[in-house]
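Quick notes on the structure that follows.
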């Protein structure tokens, strides 16, 4: 399978995030990508660097003020006396106040949803490179579908993207890679489906397409009532306006294993089949694994293989886009199993 | 002058807050109240403990869900593996997501506006005691006005209150002491004015009364564009609905000294005179002092004396309610000067 990856991800190496009242080392480390790309190579997959991003690809999803914050914020932040090396917000607009400050601390609150998306000097470049991986993989699959070539590719994106809103970073994410790929695919296909199997609800992706009838968003994730992102991912979030019915959340009880997961996945697949998209984009996290350090869901490696098989059996041109999945001895193996299983099923 | 103070403030001793990307020791320490009460005693003022809070006084301002969070949250938080001693939020509802989780991390994001209002095991009791001080002082002034007795009192509240919304803590504040006093005073007076001279905009107080024509809110504060609370305190915030015109923000350039401050204060006084309130409540911070560790405005001690004189010259029954002002060698002196100057002017 074509694997698209950029070494530029290394420019983003977040130091820490605030969780349960303490600053902890960030779990979203460059080593994640190192392990994933090594596993892809061991699996015999071709790894290529992405081409340049198509003009306007990022801007089709993200606003100029937000992009300016990601690009220019670190220099403004560094000028604050005593500031830590990475931008981290400490106060946000809320349901009672919505002023629009131009100072960097206010911009941080405006453009960072939480304390798990610190912005450093290399974050913007790394995020652009990740978006380029997603765009490249999508272009390859679209071209393959047209020409009878490969109908699947994998974008090894880091940093991930699915928690990023149009104007806001969040949860290790800065640019929404899957949304950028979706907008590119929309140029040639009238209906796109996004399936998010990261253990966290893809709140950014949902937010970007919430009023859109042309992009179906389906997410399986740990029940957000006591899990990130907490304030989105509930089953009653079905879309708004013209987008009503094009958003399907399937929150799962913590501790859910393969059987219950696959049953919910079947409901997601049914929605996708019924939507009849021209392309399937998958927000592919491995953090629902029982071996992931998060450990909130309990999928096995054979469970991931079965997910891949059933996904391939949809018969859709498919772009796999890396989201979460954290350092464990199983991370690389999960990817190799997933890609191998998908390819084997597609070849049948 | 009657000074109302409770030793119960000690039960709240916040350890830290997140600012500029790092956890720093909280500036809102018990020693603040120790220095203030010592200065009040040295100034010859009578210091009394508050009576019990009138039934329903807190509930007239704050919702049951929020009060439950303050009271019961610390036990739920302590049950989280690896949680720090104090509740500190790391993800909040925002303009894109507004789900209502019941887990403690979600409740923290729902009920804490920022990282500067950690909730510990003693926070609720201390905040109730501070509210009782404000209520007691207000009752004394209301009674004094009726009976020809004292028409001013000072509530030495700690923790402070003016950043607390009806359903949300923020910026060292948990229960909005001045709002609680205002609602008590509303039982006998149809119009109440609140003047906030803390260096930070009183966003919580503004939020509580934003749609109310019966409570005038006037705030002088450092320009929030690059200063807490960042997202409120702008001059164009004039109230909403029936409350339009009953909210006056006077943001001041950073570095403002006595002359410009007193000129703006004159505009605030004009609004108060025109409103003709039955009672004046003052959110009294000393953090606009040039000697305050914050140092963003540059008021002198004679400047504070002049503020007190002009405030007394309004001739209104007045309750002074302590808000901010942080540890410096000048903190106690500023209070003594303020109370002395007010009393001297009122006696004329």
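The values are calculated or read from the model by the stated rules, or taken from the named source; none is laboratory data. All values derive from a computational prediction rather than experimental measurement. Quick reminder, even Gly has a Cβ in these numbers, built from the backbone with ideal geometry, and neighbours come from all protein chains shown.
Go through the stretch B:211-234 and give me each residue that's assigned to a loop (DSSP other than H, G, I, E, B) and either more than 8 Å from chain A (Cβ to nearest Cβ) or at pLDDT below 95 (or both).
B:211, B:212, B:213, B:214, B:223
Have a look at B:48, B:61 and point out the one that is within 14 Å of chain A (Cβ to nearest Cβ) and more than 22 Å from residue A:112 (Cβ to Cβ).
B:61
What is the number of the single condition among (1) in a loop (DSSP other than H, G, I, E, B); (2) in contact with a helix residue (DSSP H, G or I) (Cβ under 8 Å, 6 or more places away or on another chain); (3) touching a residue at least 40 places away in the same chain (Cβ under 8 Å) that residue B:117 does not meet?
Looking at each condition in turn, residue B:117 falls short on (2).
When the stretch B:68-86 is examined, which residues are found to be touching a helix residue (DSSP H, G or I) at 6+ places or on another chain (Cβ under 9 Å) and at the interface with chain A (Cβ under 7 Å from one of its Cβ atoms)?
Within the stretch B:68-86, B:80, B:83, B:84, B:86 qualify.
Could you list all residues from the stretch A:95-109 that are touching a strand residue (DSSP E or B) at 6+ places or on another chain (Cβ under 7 Å), within 7 Å of chain B (Cβ to nearest Cβ) and within 15 Å of residue A:167 (Cα to Cα)?
A:109
Quickly run through the stretch A:252-270 and pick out the residues that are in contact with a strand residue (DSSP E or B) (Cβ under 6 Å, 6 or more places away or on another chain) and within 14 Å of another protein chain (Cβ to nearest Cβ).
A:254
I'd like the residue in the stretch B:16-45 that is under 26 Å from residue B:341 (Cα atoms) and more than 20 Å from the chain's Cα centre (by Cα) and, out of all such residues, is nearest to the other protein chains (Cβ to nearest Cβ).
B:38
If the requirement is being farther than 30 Å from residue A:50 by Cα and at pLDDT 95 or above, which of these qualifies: A:102, A:115?
None of the other options fit; the residue is A:102.
Identify all residues within the stretch A:1-27 that are crowded, with 24+ Cβ neighbours inside 10 Å and out of contact with any helix residue (DSSP H, G or I) (no Cβ under 9 Å at 6 or more places or on another chain); write none if there are none.
The one that is crowded, with 24+ Cβ neighbours inside 10 Å and out of contact with any helix residue (DSSP H, G or I) (no Cβ under 9 Å at 6 or more places or on another chain): A:18.
Is it the case that the stretch B:152-166 has a residue that's surrounded by fewer than 24 Cβ atoms within 10 Å (Cβ to Cβ), at pLDDT 95 or above and over 30 Å from residue B:348 (Cβ atoms)?
yes
Would you check which residues across the stretch B:236-251 are more than 11 Å from chain A (Cβ to nearest Cβ) and in contact with a strand residue (DSSP E or B) (Cβ under 7 Å, 6 or more places away or on another chain) and list them?
Scanning the stretch B:236-251 gives B:238, B:239, B:246, B:247, B:248, B:250.
Only one of (1) in contact with a strand residue (DSSP E or B) (Cβ under 9 Å, 6 or more places away or on another chain); (2) more than 9 Å from every other protein chain (Cβ to nearest Cβ); (3) crowded, with 23+ Cβ neighbours inside 10 Å; (4) farther than 15 Å from residue A:65 by Cβ fails for residue A:129. Which number is that?
Tallying (1) in contact with a strand residue (DSSP E or B) (Cβ under 9 Å, 6 or more places away or on another chain); (2) more than 9 Å from every other protein chain (Cβ to nearest Cβ); (3) crowded, with 23+ Cβ neighbours inside 10 Å; (4) farther than 15 Å from residue A:65 by Cβ, residue A:129 fails exactly one: (1).
Would you confirm, using the coordinates I've provided, whether residue B:101 is closer than 29 Å to residue A:98 by Cβ, part of a loop (DSSP other than H, G, I, E, B) and within 26 Å of the chain's Cα centre (by Cα)?
So residue B:101 fails the test.
Looking only at the stretch A:296-315, decide whether some residue is out of contact with any strand residue (DSSP E or B) (no Cβ under 7 Å at 6 or more places or on another chain), closer than 30 Å to residue A:114 by Cα, modelled with pLDDT of 95 or more and within 14 Å of chain B (Cβ to nearest Cβ).
No, every residue in the stretch A:296-315 fails to be out of contact with any strand residue (DSSP E or B) (no Cβ under 7 Å at 6 or more places or on another chain), closer than 30 Å to residue A:114 by Cα, modelled with pLDDT of 95 or more and within 14 Å of chain B (Cβ to nearest Cβ).
For the stretch B:132-171, how many residues are free of Cβ contacts under 8 Å to residues at least 12 places away in the same chain and either in a helix (DSSP H, G or I) or touching a strand residue (DSSP E or B) at 6+ places or on another chain (Cβ under 9 Å) (or both)?
The number of residues fulfilling the criteria is 3.
For the stretch A:281-295, how many residues meet the condition of being in contact with a strand residue (DSSP E or B) (Cβ under 6 Å, 6 or more places away or on another chain) and without any contact (Cβ under 8 Å) to a residue 40 or more places away in the chain?
Counting residues in the stretch A:281-295 that are in contact with a strand residue (DSSP E or B) (Cβ under 6 Å, 6 or more places away or on another chain) and without any contact (Cβ under 8 Å) to a residue 40 or more places away in the chain gives 1.
Condition test on residue A:73, is it part of a helix (DSSP H, G or I) and touching a strand residue (DSSP E or B) at 6+ places or on another chain (Cβ under 6 Å)?
Considered against the rule, which asks whether it is part of a helix (DSSP H, G or I) and touching a strand residue (DSSP E or B) at 6+ places or on another chain (Cβ under 6 Å), residue A:73 comes out as yes.
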